[in-house]
Amino acid sequence: MSSRRTICVDCDEVLSDFMTPALHIIRKLGGPYLKRDEAVFWDVSLLLPNEPDEYGCNPRAAFMAEIGQYGWCSALKPLPDAADVIEALRSFGNVVCVTAPLEGSATWSHERLLWLKKHFGFDKKHVVLTNNKALVRGHVLADDGPHNCEDWGGGTAFLVARNHNAYETRFPRGSFSQFIDYAKQCVED
């Protein structure tokens, strides 16, 4: 086991652009037309009703089914500069991606592992798939979900600034690039 400090990073909206294709599905299912930078919910499925419409279709369930389809996860685009940030973090720490599997999808976790390898060079030993980040140990976490920062059982949490977490003041917050200096300070203390 490496003596280097562990730096944990989330995937969706930290490494990957989950929001753009998710909002496209929201629009297709009758939800509002929003651009990526206009989304104010971490869980964009909340933009859709969770009860059947007049045709018996539950829009929120349809959204979850669509993002769980084969190929959806692997088609996500990396966010600009995310690869550079990961490279910088690796220069002084052991970087682990901590990301949630998608319940009900037979392929999401496998696609996520392949996607992380392709775009960021993560091997299976540096990826933790869990819906409970409180179980993960590390010195610092970068995440866009305030609930994940709050629940995280490791060291310090840093909120990667997105519109859907603009209201949050409990955690240090900034761009993913700004996380480099923050993480460096945390692992050197």
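Any idea which of (1) closer than 26 Å to L102 by Cα; (2) in contact (Cβ under 8 Å) with a residue 40 or more places away in the chain; (3) buried (at least 19 other Cβ atoms within 10 Å of the Cβ) is the one I180 doesn't satisfy?
Unmet for I180, out of (1) closer than 26 Å to L102 by Cα; (2) in contact (Cβ under 8 Å) with a residue 40 or more places away in the chain; (3) buried (at least 19 other Cβ atoms within 10 Å of the Cβ): (1).
Before we move on, is P146 under 24 Å from M64 (Cβ atoms) and out of contact with any Pro (no Cβ under 8 Å at 6 or more places or on another chain)? Working first, answer last.
Values: under 24 Å from M64 (Cβ atoms): yes; out of contact with any Pro (no Cβ under 8 Å at 6 or more places or on another chain): yes.
It is true that P146 is under 24 Å from M64 (Cβ atoms) and out of contact with any Pro (no Cβ under 8 Å at 6 or more places or on another chain).
Out of all the residues in segment 3-24, which are of a type in the set (S, T, N, Q) and touching a residue at least 60 places away in the same chain (Cβ under 8 Å)?
In the first step, residues of segment 3-24 are kept if they are of a type in the set (S, T, N, Q); the result is 3, 6, 16, 20.
Matches in segment 3-24: T6, S16.
Is at least one residue of segment 119-140 among the hydroxyl-bearing types (S, T, Y) and farther than 13 Å from C11 by Cα?
Just the residues of segment 119-140 that are among the hydroxyl-bearing types (S, T, Y), to begin with: 130.
Right, trim to farther than 13 Å from C11 by Cα and you get none.
The answer is no; no qualifying residue exists.
Would you check which residues across segment 7-21 are among the hydrophobic types (A, V, I, L, M, F, W, C) and under 13 Å from the mean Cα position of the chain (by Cα) and list them? Quick ask: steps written out before the conclusion?
In the first step, residues of segment 7-21 are kept if they are among the hydrophobic types (A, V, I, L, M, F, W, C); the result is 7-9, 11, 14-15, 18-19.
Hits for segment 7-21 are C8, V9, C11, V14, L15, F18, M19.
Within segment 79-87, is even one residue within 18 Å of Q178 (Cα to Cα), outside any helix (DSSP H, G or I) and not acidic (D, E)?
At the first step, the residues of segment 79-87 found to be within 18 Å of Q178 (Cα to Cα) are 79-87.
Add one more test, that the residue is outside any helix (DSSP H, G or I), and what stays is 79-81.
Then drop every residue that is not not acidic (D, E), which leaves 79-80.
Yes: one or more hits.
Which pairs do you get when a residue that is under 12 Å from H164 (Cβ atoms), found in segment 26-53, comes within reach of a residue that is of a type in the set (S, T, N, Q), reach meaning Cβ atoms under 9 angstrom, with the pair 6+ apart or on two chains?
That search, which allows pairs on different chains as well, returns R36/T20; R36/N163; D37/N163; E38/N163; A39/N163; V40/N163; W42/N165.
Which one of these does A157 not meet: (1) under 15 Å from the mean Cα position of the chain (by Cα); (2) within 26 Å of S74 (Cα to Cα)?
Every listed condition holds for A157 apart from (2).
Quick check, is Y182 within 22 Å of V44 (Cα to Cα) and over 17 Å from the mean Cα position of the chain (by Cα)?
Values: within 22 Å of V44 (Cα to Cα): no; over 17 Å from the mean Cα position of the chain (by Cα): yes.
For Y182, the condition - within 22 Å of V44 (Cα to Cα) and over 17 Å from the mean Cα position of the chain (by Cα) - is not met.
Which of the residues spanning segment 97-129 are of a type in the set (A, V, I, L, M) and within 16 Å of the chain's Cα centre (by Cα)?
First, the residues of segment 97-129 that are of a type in the set (A, V, I, L, M): 98, 100, 102, 106, 113-114, 116, 127-129.
Hits for segment 97-129 are V98, A100, L102, L113, L114, L116, V127, V128, L129.
Any read-out appearing in this document is the output of simple, stated calculations on the displayed coordinates, not a laboratory observation. Note that this is a predicted model, so its numbers are computed, not measured. Using ideal geometry, Cβ is built from the backbone for each residue, glycine included, and neighbour counts are taken over all protein chains shown.
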